[in-house]
Structure formats: structure tokens, C-alpha cells
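This report refers to the structure that appears directly beneath it.
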Amino acid sequence: MVDLIPEEKIQEVRLNTDIVELVSEYVQLKKQGRNYFGLCPFHGENTPSFSVSPEKQIFHCFGCGRGGNVFSFLMEIEGVSFQEAVLRLAERAGVDIPVQSSGLAKPANPHISRMIEAHELLRKFYHHLLVNTKDGQEALEYLHSRGFSRDVIDHFQIGYALDKKDMAILFLKGRGFTEEFLEKAGLINRTERMNEFIDRFRGRIIFPIFDNKGNTVAFSGRILKEGQPKYLNSPETAIFQKSKILYNFHLARPNIRKKQAVVLFEGFADCISAYGAGVDNGIATMGTALTEEHVHLIKRNADRVILCFDSDMAGQNATLKAGEMLQKAGCSVEVAIIPDGKDPDEYIQKKGSQAFLQHVIGSTITFMAFKMKIFREGKNLENEGEKLVYIEQVLTEIANLKNPVEQDLYLRKLGEEFSLSLDALKQDLRLRIHTRTNEQNFPKTDGRKPQAIRQEKKLMPAYYNAERMLLAHMLKDPWVAMKVQEKMQDLSFHIDNHQAIATYLYAYYEEGNPPDLSGFMNYLQDAELRNLVAEIGMIPIPEDVSEKELNDYIHHVLKHQIMLKIKEKEEESKRAEREQDFDRAQRLALEVLELLKSLNRL
């Protein structure tokens, strides 16, 4: 399949796609020195170990080991084939791919693609019914009465499903979809009594749900007239999992990146109302608690998160749980307080957009301040016992803060509020931190003495590092590759993957290809080798390597190979003596002598 796209077109796409710009669409990158760093999108982490080199046009994660060029990044992040990655980047870069090639590109999973196609068609159909037909007039007027402008309706592609049991079925069957397939996609239901198929969302205002790439993957329908349930959502399907979806993420991401902040709501209705009020970096969970996948997605795109949940008890508990998860992931968390037990949508309806922007989003408090507020609720701080409970709770939370400045700030606030000695509070804090550290370093065991957990970094042998340095220079300079090939002769690198890379590299240069790390990765068919090339390619090396330095590296590699051969022949010689094959033993002893001489000549 790959060969169907001409090689020169593949190279044109690669050369016209900047890896930093591509990766920045998925990962929040910060420049450090010559490279860019961010949180790896392929595994969960709190400390950035994902590096992108604009000079070499490659990426590498020092945590999970993944690496590659623009094609392999898109293949990994989107789960597409090489050919599809080339076609997507070609469209992005404005490179024309011949029709006979592009027509043969097939999605990684046709079933998934077909399911998305059904949702996309229905989303456009529902939107058309709402804004362009008399049948949708009542629903449109209802939305206008709720403060939904035409801009908001178009932005979120809100629609309307007529109160007819088979309109969507007829519409999609006419485009080749079967009823059984549409049932699996969650778009229609089968009745138990009549055993017939009916539209799932009939008589409802339709809110499309998009995945993080902008594909329509589900719907939420609000009943227009009387009936239950008020909201009806798509079931989870192959393309829709609530634990992975953040509502409005694909539309808000550019503004999140620009502002380096995200406003997180509990539901899509609040998110839509907030957008109408001027919050263009808002996203929402889909009626479920925040998950680790949500957190990783948020952290990759912004450091600052504003939680704007309902102000009732359930909303406060959700704020605490979400805030803890986000803070643990390294986010700076703030809380937007909505007064009088209201939710964001209700507050905007009653107080207006300006009040929401100024008094809610514009008047956030820190997550620590929010927790202190929660701890105070229901307590009589004039009572000594309840006061001590409150102080204990606050000190425990302060001890969990990583920033010493924050710790000092809240200690001073606590001391001023209750006329406590700052020195005493600091001493208490140090004791708490010391105790917690000991518990982490010396976990309890089954009666045995606790032992410190040691993580010693394994030192690699000289030949291993020498092989890596040789490959790093060989990837950069064909002359170095030629010298290494010449000096190694019939000997090979000890590490199999190092030898595989060298073999491919010799062939790559023999075909007349220039030294190009990103280009060489296309030459490799093995993902493990590409990851290793990315890792070695990220090793900082000088522009030029002296012949002495090169010989030193080769010396370490050859010395190890000769030592292995000597050991092998000595063991073989001992076996020959045990078998009383003295001629073979003598011949092997002479070969060992010759190897020792060659070792001395190095």
C-alpha cells in the first residue's frame, strides 16, 4: 500500500511539514535550548520528557521510548496507517497526491469510519431541520427564548429531530445504512413489544457530541415538550466513550493554547451558555466524573485550569475530586464560585454575561482557598474543638503543597486569623512533611524492618555507549559510516538493534541518500528501530568528530567483540580437551593467541 504513493511525493510531504507545528496541535510545547519539550501524549507523566527537535525534524520521549518523524507521530497519535498519515499531511501541507494513489487509501477501521459517517450525516440533517424548516421553528424559538443566538446554534451545530418515529431511519437507509448497523451505532432503538426500529431522539433538540478531532460521535437530545427523560444521550459505542470525551475540546483548543488556560464545566449546557457569555476556552465532561484520560488531555494543552461546577453539595464534592486530580498532574487549579447554589447556565440566564465574566470567571480563588472555604462550612469556629479540627485540616493540606511560597502564604493567613505563632505553625508543618516523607520512603512491611527503596541507575558498559556514539555520528555523516564499515570489517556491533540500524544505514547511503534523520526513519520499516534511531539522534554531539575520537569508539567496540571471541574459543578448547580431541584444542589455542595479538594491536 505504501508504494502506491510515489516516493518523491512522500518526501515532498515530509519536507513541507514542520514537526514542531504538527506536534503543537496535540502537545503543549515549551522551548528549552535548541529543542522543545512537553508532556508525552503516549503515556501519563507529570514531568515533561517528550522532546521535539526542529533541526532534526524528529521527536523522542525519554520516558516511554517512542520516537520518529512527522509520519510516525501522526500514525501513533491518530492510530492511522502510514499511507493515511501521508495523505492527511499532504492535505495539510497543500501537496497534491495523484488521484490513483489517494483513492486507494483506506481507513484503519472501516466500521468506525462508517459509524462516524452516519453521525455526521445525521448531525447536518438535524441542524438543517432546526434552522431552515418550518418544522423546526418551534424548537428554534425555544432556543432563542433561552438566550441561544444564531451564532451559538451554528457554532455548536445544534439541531432538531422531528417527533416522527422513522425520519432518521428513512434518511440514513437511503444512504446505504442498515437498521441493524444504526442500532449498534446508538442512533435508533428496537422496541420490545412491536420488535420494530424507531428513531432514538425523536421530538428533541439535538446537541451533537464531537470527539477531540472534531468527528461527530454521539448526540444528546433535550425533550422539547412534555416527557421524560429530560435529556437523552447516546449509549457508549465503538466511537463514543464518555471517559475519553471532553465536550467542545476540538473547538476550544486553539483558544486554550492561546490563553494557556481552560475553564472546565460539569456539563455541555453550562459550556454552551458560557460560550455565549464570552468564554471561548470552555470544555465540559459528559455527565461523568473527571478521568485520568481527561486530565492527561487537559494537561497536555494548558497548565491553568479553572473549575466552574455547580455550587451545591454534589458540585463542591466534584470540584474537590477534580481539583485533586488536576493538581496531582501538575496543573495550577483555580475555582470559580457561583453564588446562591446556582449552576453556570442558571446564573448567566438571571445575571447576564457581564456579571458571569466579572464576578465568576474573573473572580476565581485558588484551590487551596476553596478547600479552606469547604472546611469552614458547618463549623462553629468560636468553639475550641471545632476550631482545632479546622486548623488540623488546613495544616494537612498546606503540608501537601509543593510551593514553599504558597505554604508560607497560607500559614501566615492561618496564624493571623487565629492569632497563632508563625514559628509554631512552621514547626508543625516541618514535622508533618518529615513524617510523610518517612512514610513514603519506608513503607510498612509485614513485621520486618522497613528498608529504603533504592533505585540505582544501571551503568552501561563502555562498548554499549561507544556503539551509540558511533551511530549518532554515522547518522549525521556518511563519511563516518564508511570509516566504521571499513574498520569493523567482518565484526559487527554487539547490540542486535545497533547492528540492524548500521546495516540499514549502509544501504541507505549506498543508494545515494543524503544524511537526513527524518528521511532515514521512512527507510526503516520496524517501529522499534525508529524509536531507537530517534533516541540516538537526540544525543548531543559536536559538529565534527576527530579521527582519534572515532578510533577510540571503534576500539571499545572491537575490543569487546574480540574478547567475546576469545572467551568463546577458550570454552570450545576446554570442551575439545575433555573429549580428548587434542588437535582441535591446539588449533583453537593458536586462534586464541592470534586474537590476543590483534587485541594488542588495537
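Rule-based calculations on the coordinates, nothing more; no lab input. Because the structure is a prediction, the values reported are computed rather than measured. Cβ atoms come from the backbone with ideal geometry, glycine included; neighbour counts cover every protein chain shown.
Kirkwood's formula applied to the C-alpha pairs of the stretch 462-601 gives a hydrodynamic radius of 16.6 angstrom.
Step through the table entries 259/299; 31/259; 342/387, compare each Cα-Cα distance with 21 Å, and write down the pairs that go over it. With Cα atoms farther than 21 Å apart: 342/387. Rounded to two decimals, the Cα-based Rg/Rh of the stretch 1-157, with Kirkwood Rh, is 1.11. Neighbour counting of Cβ atoms within 10 Å sorts the residues 526, 408, fewest neighbours leading, into 526, 408.
What the Cα convex hull of the stretch 245-392 gives, in volume per residue, is 106 Å³. I'm spelling it out carefully: the read-out is Kirkwood radius over Cα pairs in Å, the candidates are [x] 29.6; [y] 25.7; [z] 28.3, and one was derived from this structure. Which label? Entry [x]. Annotated for the stretch 462-601: lysine pairs at least 8 residues apart or interchain, Cα distance under 23 Å, count 23. Taking the Cα centre of the chain as origin and assigning +1 to Lys and Arg Cβ atoms and -1 to Asp and Glu Cβ atoms, the resulting dipole is close to 1080 debye.
Of the peptides 505-513, 183-191, the ranking by mean beta-carbon count within 10 Å, highest at the top, reads 183-191, 505-513.
Counting neighbouring Cβ atoms within 10 Å and putting the fewest first, the residues 272, 239 line up as 239, 272.
Each of 354, 505, 278 was placed along the dipole of the chain (beta-carbon charges, centred on the mean Cα), and the one lying farthest toward the positive end is 354.
Lys pairs in the stretch 110-233, Cα-Cα under 30 Å, at least 8 apart or on separate chains: how many? Close lysine pairs under the 30 Å cut-off: 29. Of the peptides 279-285, 514-520, 137-143, 383-389, the ranking by mean beta-carbon count within 10 Å, highest at the top, reads 279-285, 514-520, 137-143, 383-389.
Counting neighbouring Cβ atoms within 10 Å and putting the fewest first, the residues 475, 121 line up as 121, 475. Judged by the mean number of other Cβ atoms found within 10 Å, the most tightly packed of the peptides 372-378, 36-42, 362-368, 224-230 leads the ranking 36-42, 362-368, 372-378, 224-230. Dividing the helix sum by the residues of the chain, where each DSSP H run of 4 or more adds -39500 (n - 2.57), gives a mean residue ellipticity at 222 nm of -16500 deg cm²/dmol. The calculated Kirkwood hydrodynamic radius for the stretch 224-298 is 13.4 Å, given to one decimal from all distinct C-alpha pairs.
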